[in-house]
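J.: Pasting in a structure now, in structure tokens, and then I'll have a few things to ask.
The values are calculated or read from the model by the stated rules, or taken from the named source; none is laboratory data. Remember, it's a predicted structure, so these values are computed and weren't measured experimentally. Positions of Cβ are backbone-derived with ideal geometry, glycine not excepted, and every protein chain shown enters the neighbour counts. Areas reflect the complete protein model, heavy atoms only, side chains present, ligands, DNA and RNA absent. Shrake-Rupley method; radii C 1.70, N 1.55, O 1.52, S 1.80 Å.
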Amino acid sequence: MLSLDELRVSRCHIPDDPSQLDQRLSFERDRDRVLYSSAFHRLAGITQIVRAGELDIFHTRQQHTYKVAQIGRRLAENLVRTQVAETRMHGLDPEVVEAACLAHDLGHPPFGHAAETELDRIVRNPVECGGELSDAASDGYEGNAQTFRIITKLAVRWGRDAPGLDLTRATLAATLKYPWLRDLSDAKKTEKWSAYKTEEREFKWAREHCRGDYKTAEAELMDWADDIAYSVHDLEDFHRVGIIPWGRITAVEAEPMLIEGASAAWSKDPEWPADANSRLKSALDRIRRKISPFYAMTMESYEGTREQRRQLRNFCSLLIGHYVRAARLAETCDGKAVIIDPNSADEVRLLKFFARHYVIGLPALHAQQHGQKRIIRELFEIFLREGKAKKSNLLPMRMRYIWEDNQGAPHARLAADCVACLTENEAYNLHARLTGSSSGLVLDPIVR
């Protein structure tokens, strides 16, 4: 019988043969496979919040992912140094955490969450796009589940008998931020999930030695690293362009709106606490104290002076260091593997609300997303129609084998795969060519 360590490094398709390996260990090879994948390269052309390419100052999804990976590795390394026994008990390797962080956003479609919502709707009801009910995939579309589908099924590295990146069991489990399939009868499993029915076998294999619906320690750290990067680095971007008004955020008169808004957003969580408002008020007070030494953050409009840049860097570094140290491994295996200091968790929750309130609510962004959803629908309709009819001439070469290699999957799932594999420039340009608004160049295939 294999030990837990042996099970963690096992692969679904091609076992590691020590006589054929290079100098890397199994988890190091996982990390490198994700980093060098086409799906990771695509993230350079995908929205974080503002459309990729709109201004060079904004993070792309790939730049965000690099920072998540850096934070995730530092989280893991800190715990390996400070909690040796717990590291062994829970199974924690910094390479696995970094690999999971690098993979965590591979499934984000062009145009980010707006497109994700639209794809979920039309994959479940493709009749709206000229399809039939029999084409539908009842579990819809979700970026985390698409990530798992990419690394286990769609990515190309080996032959057809070994699809995906063939990552180790530990790394696959670490990518499962919501370790369940969609279940519309369970509120917790309705909005977020990490695998489709088409990957149920791979999901069960990855989770075979996990406890209930608990994430692995490595998945917990990936999730916390994502929250840290989102709450700090996205706010850094929007401070630079003057959208996040730190002076107003720290003003006393802004407090009721911020607390009530963040509490209302938190109330959608089944674990929303009764004392949410008082906890968030305390979190706001702590954030004010942290930012108070950095007068250029609250008293000046950002113009890129040397002092403003210095203070911004130091403030972000202060927050990240504090939140990295806020994580610890549980001393038992009875519940969550990673415990986050509640005060830090509350601060991060409030910082994330700042981004949603001041950025995601911008009217110009909503108008932009309205048009992007139309592009998503019309591309989906074309891919669905042409894929079902087996008319491959219209489909870029990269999409043809999606239909060829995955026969038996719901047609709507395959059409969504085609949409989700595009960068945003590819989506714009391919949509323009296929709808006739721009012919483009015959010698430019757009999608390579």
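J.: How large is the charge dipole for the chain, taken about the Cα centre, if only the Cβ atoms of Lys, Arg (+1) and Asp, Glu (-1) carry charge, to the nearest 20 debye?
T.: 460
J.: With the full set of protein chains in place, find how many percent of the accessible area of the chain is carbon and sulfur; take the probe as 1.4 Å.
T.: Working: 10730 of 20620 Å².
Carbon and sulfur together cover 52 percent of it.
J.: Find the relative contact order for the chain and round it to a whole percent, using C-alpha pairs within less than 8 Å whose residues are 6+ positions apart. It would help to have the intermediate numbers written out before the result.
T.: On the way: 662 pairs, mean separation 85.9, N = 448.
Reported as a whole number, the value is 19 percent.
J.: I need the shape label for region 300-393. Rule: rounded when a/c is under 1.5, else prolate if a/b > b/c, else oblate, with a, b, c from the alpha carbon gyration tensor. List each step's numbers first, then the result.
T.: On the way: a/c = 3.02, a/b = 1.49, b/c = 2.02.
Note, shape of region 300-393 comes out oblate.
J.: First check a/c for the chain, with a ≥ b ≥ c the square roots of the eigenvalues of its C-alpha gyration tensor; if it is under 1.5, answer rounded, and if not, answer prolate when a/b is larger than b/c or oblate otherwise.
T.: Oblate.
J.: Connecting C-alpha atoms closer than 10 Å in a GNM of the chain, tell me which of Ala174, Ala39, Ala155 has the biggest fluctuation.
T.: Of Ala174, Ala39, Ala155, the most mobile in the Gaussian network model is Ala155.
J.: What is the sum of charges around Lys188, taking Lys and Arg as +1, Asp and Glu as -1, for the other residues whose C-beta is under 12 Å from the C-beta of Lys188? Could the numbers behind the result be given before it?
T.: Values: positive: Arg182, Lys189, Lys192, Lys268; negative: Asp183, Asp186, Glu191, Asp213, Asp269, Glu271.
Computed value for this residue: -2.
J.: Something else now. Kindly report the accessible area of the chain per residue (heavy atoms of protein chains, probe 1.4 Å, no ligands, DNA or RNA), in Å².
T.: With all protein chains present, the chain gives 46 Å² per residue.
J.: Next question, about the same structure. Rounded, prolate or oblate for region 214-306? Axes are the square roots of the Cα gyration tensor eigenvalues, ordered a ≥ b ≥ c, and the cut-off for rounded is a/c under 1.5.
T.: oblate
J.: Cut-off 10 angstrom, C-alpha nodes, Gaussian network model of the chain. Which of Trp272, Trp205, Trp224 fluctuates the most?
T.: Highest fluctuation of the listed residues: Trp272.
J.: What whole number of Å gives the distance from the Cα centroid of region 110-162 to the Cα centroid of region 253-292?
T.: Value for the Cα centre distance between the two parts: 35 Å.
J.: Using only helices, what value at 222 nm comes out for the chain when you add -39,500 (n - 2.57) per DSSP H run of length 4 or more and divide by the total residues, to the nearest 500 deg cm²/dmol?
T.: Computed mean residue ellipticity for the chain: -16500 deg cm²/dmol.
J.: Looking only at Ala265, Ala330, Ala115, which one moves most when the chain is put into a Gaussian network model with springs between Cα atoms under 10 Å?
T.: Ala265
J.: Here's a follow-up. Just how far, in whole angstrom, is region 364-422 from region 293-361 if you go by their alpha carbon centroids?
T.: 38
J.: Right, next: Across the chain, where is the longest run that never hits GluC sites (Glu not before Pro) in a DSSP loop with at most 14 other C-beta atoms within 10 Å?
T.: Details: sites that count: Glu54, Glu132, Glu191, Glu208, Glu271, Glu300, Glu303, Glu331.
The answer is 332-448.
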